[in-house]
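The values are calculated or read from the model by the stated rules, or taken from the named source; none is laboratory data. All values reported here derive from a predicted model rather than from experimental measurement. Note: ideal-geometry Cβ built from the backbone for every residue, glycine included; neighbour counts use all protein chains shown. The protein model used for the area step is the full one, side chains on, heavy atoms only, and it has no ligands, DNA or RNA in it. Shrake-Rupley method; radii C 1.70, N 1.55, O 1.52, S 1.80 Å.
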Amino acid sequence: VALSSAPSAAPSLPELAAALRGAKAWQARFEQRWVPAGFAQGARESGTLLLEPPLRLRFTYVGEDPKVFAVDGDVARFVDPRAGTCDALLIDRSVWGRLPLAALLDPGAAAAAFTVEARDGALRLVPKQPFPEVAEIVVRVGSDRLPTSVVVTDASGNRNELTFAGWRSAARPNAEAFRPALPGARPCAPEPGSSGG
């Protein structure tokens, strides 16, 4: 069933997490735009999101440069078939809480890492301890209480803008969907000492 995503007032972080946990899994379309500091426009990419609360998500990028970014519990993987690379990173709860969409799935981790406030119909998350990758996260939701956009601004002023549409509930996917690999290879494993914490 496809759900509406008309703009709506911001829910609390626990309400948003509850909406995302309202199905065994979700599928949605996404568009991502990376806008360097000082610029109004940036590079665009798009694809599909597969999300299985609470600890699994997969962004599949389509087009001229297909690639996959996935999180499976405490391991994040980025697979770029054209470059022939598969990078894996072991992430702890604090890093998981800083991942833009993942933070919405774990309000406890997000609340520990961020000051959260509702402003202008959006949720604004500001790190309690500064770090370069994230200066703030701004989340807007639709009438279904699911995200329509997540904008991450880093300490240098660069913006990573994600917009979502066509949220659909889905059956629980095979766990392998969240363990991407290069064609004909096993999922890459984190290098020793690669913890994000």
Review point. Given (1) open to solvent by less than 60 Å² (accessible area, probe 1.4 Å); (2) within 19 Å of ALA109 (Cα to Cα), where does PRO190 come up short, assuming only one miss?
Key: (2)
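One line per residue, one yes/no per condition, for (1) of a type outside the set (D, E, K, R); (2) within 20 Å of ALA135 (Cβ to Cβ); (3) out of contact with any Lys or Arg (no Cβ under 7 Å at 6 or more places or on another chain):
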| site | (1), (2), (3) |
| --- | --- |
| VAL68 | yes, no, no |
| ARG82 | no, no, yes |
| ALA88 | yes, no, no |
| LEU105 | yes, no, yes |
| GLU117 | no, yes, no |
Exercise for review: Could you grab me the full set of residues in region 21-45 that are open to solvent by less than 50 Å² (accessible area, probe 1.4 Å), in a strand (DSSP E or B) and not aliphatic (A, V, I, L, M)?
Suggested key: TRP26, PHE30, GLN32, ARG33
Revision key, fill the gap. Apart from one, (1) assigned to a loop (DSSP other than H, G, I, E, B); (2) more than 16 Å from the chain's Cα centre (by Cα); (3) touching a residue at least 60 places away in the same chain (Cβ under 8 Å) all hold for PRO100; the odd one out is (2)
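Residue-by-condition table, conditions (1) open to solvent by 70 Å² or more (accessible area, probe 1.4 Å); (2) in contact (Cβ under 8 Å) with a residue 40 or more places away in the chain; (3) touching an Asp or Glu at 6+ places or on another chain (Cβ under 9 Å); (4) in a strand (DSSP E or B):
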{"residue": "ALA112", "(1), (2), (3), (4)": "yes, no, no, no"}
{"residue": "ARG124", "(1), (2), (3), (4)": "no, no, yes, yes"}
{"residue": "VAL139", "(1), (2), (3), (4)": "no, yes, no, yes"}
{"residue": "ASP144", "(1), (2), (3), (4)": "no, yes, no, no"}
{"residue": "THR148", "(1), (2), (3), (4)": "no, yes, no, yes"}
{"residue": "VAL151", "(1), (2), (3), (4)": "no, no, yes, yes"}
Exercise for review: For GLY184, indicate whether it is out of contact with any helix residue (DSSP H, G or I) (no Cβ under 6 Å at 6 or more places or on another chain) and surrounded by 12 or more Cβ atoms within 10 Å (Cβ to Cβ).
Suggested key: no
**Study point:** Verdict on GLY157 being more than 20 Å from ALA102 (Cβ to Cβ), over 16 Å from the mean Cα position of the chain (by Cα) and either surrounded by 12 or more Cβ atoms within 10 Å (Cβ to Cβ) or among the aromatic types (Phe, Trp, Tyr) (or both)
**Key:** yes
Exercise for review: Can you give me the number of residues within region 46-80 that are open to solvent by 60 Å² or more (accessible area, probe 1.4 Å), modelled with pLDDT under 95 and either in a strand (DSSP E or B) or farther than 29 Å from GLY157 by Cβ (or both)?
Suggested key: 2
